[in-house]
Amino acid sequence: MEILKRCATLQRRCPMDQGIIRASKALYTRNTLQHLVEAMDSDHDFSLKDYWCEYTIASCLQNIQRAIHACCKKMWPEAVHNPTEY
């Protein structure tokens, strides 16, 4: 029940209008590509196919969390927690 209350509050204070959605998508893409470049730099035998095979749903969800966190952080800083706490 607590989660539903938080979601309702977040929707009122941080509306997911088109600007927020566009920014979230851009941040998600940037984070994904940044992680890809870091993987390429750290591994000399890098394989793009292997990289995407190892990209799990958990990786995706963490990336989505970071993107939404970054979008809402400036609008309502008191409500956005440190993402390392999750």
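If you scan segment 38-60, which residues turn out to be surrounded by 10 or more Cβ atoms within 10 Å (Cβ to Cβ) and under 29 Å from Ile20 (Cα atoms)? Glu38, Ala39, Tyr51, Glu54, Tyr55, Ser59, Cys60 - these are the residues of segment 38-60 that are surrounded by 10 or more Cβ atoms within 10 Å (Cβ to Cβ) and under 29 Å from Ile20 (Cα atoms). Residue count for segment 65-79 satisfying the condition of being surrounded by 15 or more Cβ atoms within 10 Å (Cβ to Cβ) and hydrophobic (A, V, I, L, M, F, W, C): 5.
Readers should treat all values here as calculations from the given coordinates under stated rules, not as data from a laboratory. Predicted, not measured: the structure shown is a model, and the values here were computed from it. Quick reminder, even Gly has a Cβ in these numbers, built from the backbone with ideal geometry, and neighbours come from all protein chains shown.
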